[in-house]
Protein chains: 4
Amino acid sequence: MTDTEPADRRRRLSLRTSRMEALSDGIFAIAATLLVLDLAIPKVSSDVSRSLLEQWPTYLAYLVSFATIGNAWLNHSVITEYLERADAILLRLNLVLLFFVSVLPFPTHMLAEYISSENAERVAVTVYGLNLLAIGAFTSLTWHYAISEGLVRRDNKEEEVRAISRKLDPSLVSYAVAIGIGLLWPQVAVVLYLIIALFVIIPFRAVFRLIRRGRTRALTGQD
Amino acid sequence: MTDTEPADRRRRLSLRTSRMEALSDGIFAIAATLLVLDLAIPKVSSDVSRSLLEQWPTYLAYLVSFATIGNAWLNHSVITEYLERADAILLRLNLVLLFFVSVLPFPTHMLAEYISSENAERVAVTVYGLNLLAIGAFTSLTWHYAISEGLVRRDNKEEEVRAISRKLDPSLVSYAVAIGIGLLWPQVAVVLYLIIALFVIIPFRAVFRLIRRGRTRALTGQD
Amino acid sequence: MTDTEPADRRRRLSLRTSRMEALSDGIFAIAATLLVLDLAIPKVSSDVSRSLLEQWPTYLAYLVSFATIGNAWLNHSVITEYLERADAILLRLNLVLLFFVSVLPFPTHMLAEYISSENAERVAVTVYGLNLLAIGAFTSLTWHYAISEGLVRRDNKEEEVRAISRKLDPSLVSYAVAIGIGLLWPQVAVVLYLIIALFVIIPFRAVFRLIRRGRTRALTGQD
Amino acid sequence: MTDTEPADRRRRLSLRTSRMEALSDGIFAIAATLLVLDLAIPKVSSDVSRSLLEQWPTYLAYLVSFATIGNAWLNHSVITEYLERADAILLRLNLVLLFFVSVLPFPTHMLAEYISSENAERVAVTVYGLNLLAIGAFTSLTWHYAISEGLVRRDNKEEEVRAISRKLDPSLVSYAVAIGIGLLWPQVAVVLYLIIALFVIIPFRAVFRLIRRGRTRALTGQD
């Protein structure tokens with residue numbers, strides 16, 4: 001992968017990636033599912049539907065966080081697909097990434113709570129954005145470390161490896177921009193996070209492709 | 001599997017299904033287990049048994065949700081058994097499915113809370129039913145997408161693949177019917193969900209088969 | 001394994017056991033870890049140590065439940081070690097087992113709350129015991145079903161399979177006896193559960209063996 | 001590995017390590033993620049940032065515990081990398097280790113709550129330290145047991161096995177020293193735990209190596 005491969009590589013510990021994948025999947029799964037504990041049930045009243053609808057900031061925060069965790073998991077699973085072995089430092093970089101994933105329910109809760117109060121909102125949106133940025137940054141750092149240390153499989157195509165780098169790095173820029181915007185107009189930043197979230201989690205292409213395929217099949221009579 | 005296989009398939013990312021299975025198992029397991037946090041302990045009183053029995057709507061909601069998650073997991077594990085590889089879109093469809101699985105504790109809590117109050121009950125039963133329907137719909141969508149994109153193993157028998165499709169799709173109809181009934185008679189819909197749940201989770205056939213086998217053995221003296 | 005193997009076996013769905021193992025490990029892990037949420041922190045006071053010690057029923061319930069889940073997991077992992085394939089009914093029996101594992105935090109909480117109040121204590125100890133019995137019963141049922149349906153690997157030694165059966169079934173009797181005792185003397189039943197728990201979780205043999213080995217090594221100067 | 005291998009080894013149950021790894025990863029992941037539930041959201045006020053900053057003991061406790069669990073997981077994954085098979089006693093030693101991992105959120109919560117009150121602080125720091133010590137001790141015990149029973153793979157290099165022993169055992173001494181210091185100066189012990197935590201979780205070497213590599217590449221124009 002690189003001819004600057006360190007001389008000390010053979011002395012370093014070489015580990016399977018299965019444990020790292022299992023811990024990561026566990027933490028991604030739990031962080032995503034714990035978010036539901038923040039969805040409070042309104043008290044029984046004459047108009048429960050309205051009370052439920054008034055909780056929209058909570059649903060919004062839940063949706064954005066779930067989609068962000070899902071997105072981080074997608075990137076993570078693509079990265080580990082290319083890994084051959086892990087070393088002790090890669091595992092730690094991964095642990096820092098998992099730290100920021102597991103802490104996400106906290107700023108999510110904050111966002112849901114503070115979204116309608118002027119000053120607190122700005123704090124919440126900024127902390128939330130920094131958390132999303134940290135998740136992106138350590139995903140990217142883990143990937144670049146794996147490449148530079150020759151931990152990716154040698155049969156990977158050079159162009160595919162570059163494609164992943166090209167995909168991971170720009171998202172950092174967009175998060176940084178959204179954080180900057182959020183300092184001035186907090187609610188715009190939330191909308192930006194929502195757009196990114198919806199763009200990521202809804203598989204538009206899949207839906208379109210299925211519809212197209214379905215039509216083709218209806219016309220040709222295939223199953 | 002299908003001769004409408006897309007020309008662009010080779011250019012798309014092809015991934016192992018192990019990570020997708022691990023995240024899914026994690027979220028199924030956590031969503032199923034978090035439900036227990038809703039089972040509140042009545043305060044110590046002269047008649048604790050009665051206070052416990054009066055909580056029956058909570059137990060009912062817990063049981064129906066656990067059985068539904070269990071059922072969704074059964075279908076999911078059958079589907080992944082037939083998968084050879086995943087692509088980025090399949091992973092996202094799966095993430096949307098997992099979203100609806102992980103959010104289920106929320107309408108479950110709502111159902112348990114609102115079941116005895118007239119107006120709120122209708123809202124809770126409908127939201128709950130829509131969640132069950134969404135789980136079924138995205139399970140089915142994931143499966144049909146996998147078939148149409150040629151992601152299932154080629155050595156699968158055509159008839160087995162059709163059998164799974166035949167099994168997944170009708171459940172969508174029954175959920176839709178139950179939601180409709182729930183708009184008029186909410187408690188009937190809950191009973192319907194319970195019947196589906198019990199039908200799914202209690203392995204009647206296993207019990208009968210074991211009893212029959214046990215008798216045969218008692219007669220023939222085998223172990 | 002058995003010559004009463006059903007004629008319809010080839011028509012039934014045959015599944016890998018890996019998904020079943022993953023879901024089970026997830027639910028065992030979560031149920032065991034959620035128990036910690038019941039350990040409340042006493043308010044800051046002049047004598048915090050004493051307030052902490054007065055919470056002993058909570059610790060006791062936590063310890064017994066953790067050990068019971070650990071024990072159930074041990075049995076479960078031995079069983080799946082012998083399995084070759086799963087069928088749809090085995091997966092459901094396993095789901096019922098997981099249901100009783102995931103619900104255990106509820107009677108555990110109840111036990112911790114009610115242990116010092118006379119009447120409630122009896123209810124809590126009985127419900128708790130029934131839950132332990134159900135976990136044992138469905139572990140045993142899953143195993144016997146797997147044997148009778150020929151789902152265990154053919155290269156397993158007959159005597160090992162019998163040894164597992166001999167180990168699983170008596171524990172059902174001891175739980176049933178403890179439940180009966182608990183109806184008369186609830187606190188005795190808790191002590192019995194504690195004894196079973198300590199007996200299971202503390203690896204006495206390992207400690208003794210290590211000490212013995214350590215001595216041998218000290219004498220012979222080996223590493 | 002050792003010529004004191006017991007004569008009764010062949011009669012003991014020999015198990016795959018995959019289930020043990022899966023349960024462990026699950027419990028490590030959940031314990032690490034449940035910690036986030038303790039991070040409370042301050043009420044909306046004129047100065048939310050300040051209220052958030054005043055919660056520093058909670059963040060500190062969260063960080064130390066996450067890093068400790070991460071560290072325990074790193075050691076655990078190195079150990080299982082060397083394991084060939086597990087026996088029933090190793091699984092139980094591992095369960096005791098997992099017990100102390102899963103209980104860690106309790107003293108973490110205590111530490112966060114009591115850190116500013118004089119007497120309670122000492123109790124919290126000591127209980128917390130004992131929990132960290134127990135995690136270290138059972139990690140070490142599991143490893144030594146595996147070596148002494150010949151459960152590690154035979155193709156492992158003797159020197160690597162010794163290196164792991166040399167790494168695991170001293171941390172026990174440092175935890176014991178920190179607990180002793182904590183009895184006199186509780187806050188110093190917390191700082192010590194923080195130093196250990198930061199030392200473990202931040203991959204200083206990785207950052208430096210990446211920077212150095214980046215410079216080399218910038219100079220030589222490689223990718």
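The values are calculated or read from the model by the stated rules, or taken from the named source; none is laboratory data. Every value quoted in this text rests on a predicted model; they were computed, and no experiment measured them. So basically every Cβ, Gly included, is an ideal-geometry build from the backbone, and we count neighbours across all protein chains shown. Side chains are part of the model used for accessible areas, which takes the heavy atoms of the whole protein and leaves out ligands, DNA and RNA. Shrake-Rupley method; radii C 1.70, N 1.55, O 1.52, S 1.80 Å.
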Which distances, in nm and shortest first, link the residue A:57 label point to the same label point in every other copy, taking 7 Å along Cα→Cβ? 2.9, 2.9, 4.1
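Roll a 1.4 angstrom probe over the protein heavy atoms and tell me the percent of accessible area of chain C that is carbon or sulfur.
The value for chain C is 62 percent carbon and sulfur by accessible area.
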Under the rule a/c < 1.5 gives rounded, and otherwise a/b versus b/c splits prolate from oblate, where does segment B:95-206 land using the Cα gyration tensor? prolate
Selected from A:86, A:31, A:22 as most flexible by GNM, with chain A as the system and alpha-carbon contacts under 10 Å: A:22
Could you work out how far helix C:186-201 tilts from the main Cα principal axis of chain C, as a 0 to 90 degree angle to the nearest 10? 60
Note the distances from residue B:43 to each other copy's matching label point, with points 7 Å along the Cα-to-beta-carbon direction, in nm, sorted shortest first. 1.6, 1.6, 2.3
To the nearest 10 degrees, how steep is helix C:88-103 against the longest Cα principal axis of chain C, on a 0 to 90 scale? 0
Return the average number of partner chain Cβ atoms within 10 angstrom of each residue Cβ along peptide C:42-53. 4
Gaussian network model of chain B, springs between alpha carbon atoms under 10 Å - residue of B:85, B:162, B:122 with greatest fluctuation: B:162
FRET efficiency (residue D:157, residue D:116; Cβ distance; R0 56 Å; to 0.05) is 0.65
Rounded, prolate or oblate: which fits the protein assembly as shown when a ≥ b ≥ c are the square roots of the eigenvalues of the alpha-carbon gyration tensor, with rounded for a/c under 1.5 and prolate only if a/b beats b/c? rounded
Nearest-first distances (nm) between copies at residue B:163, label 7 Å from Cα via Cβ: 3.7, 3.7, 5.2
20 Å Cα-Cα reach of residue C:157 towards lysines, excluding residues that sit fewer than 8 places from it in its own chain: C:167
Considering chain B as a Gaussian network with a 10 Å cut-off on Cα pairs, which listed residue, B:105, B:42, B:57, attains the greatest mean-square fluctuation? B:42
What quantity of accessible surface, computed with a 1.4 Å probe and excluding non-protein components, is buried in total between chains C and D, in Å² to the nearest 100? 4100
State in Å² the accessible area per residue of the protein assembly as shown; use a 1.4 Å probe, count heavy atoms of protein chains only, and round to the nearest integer. 43
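If you take the square roots of the eigenvalues of the alpha-carbon gyration tensor of segment B:1-156 and sort them as a ≥ b ≥ c, do you get rounded (a/c under 1.5), prolate (a/b over b/c) or oblate?
Values: a/c = 3.65, a/b = 2.64, b/c = 1.38.
Prolate.
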In degrees, nearest 10, the alpha-carbon axis of helix C:56-82 is tilted away from the dominant principal axis of the alpha carbons of chain C by 10
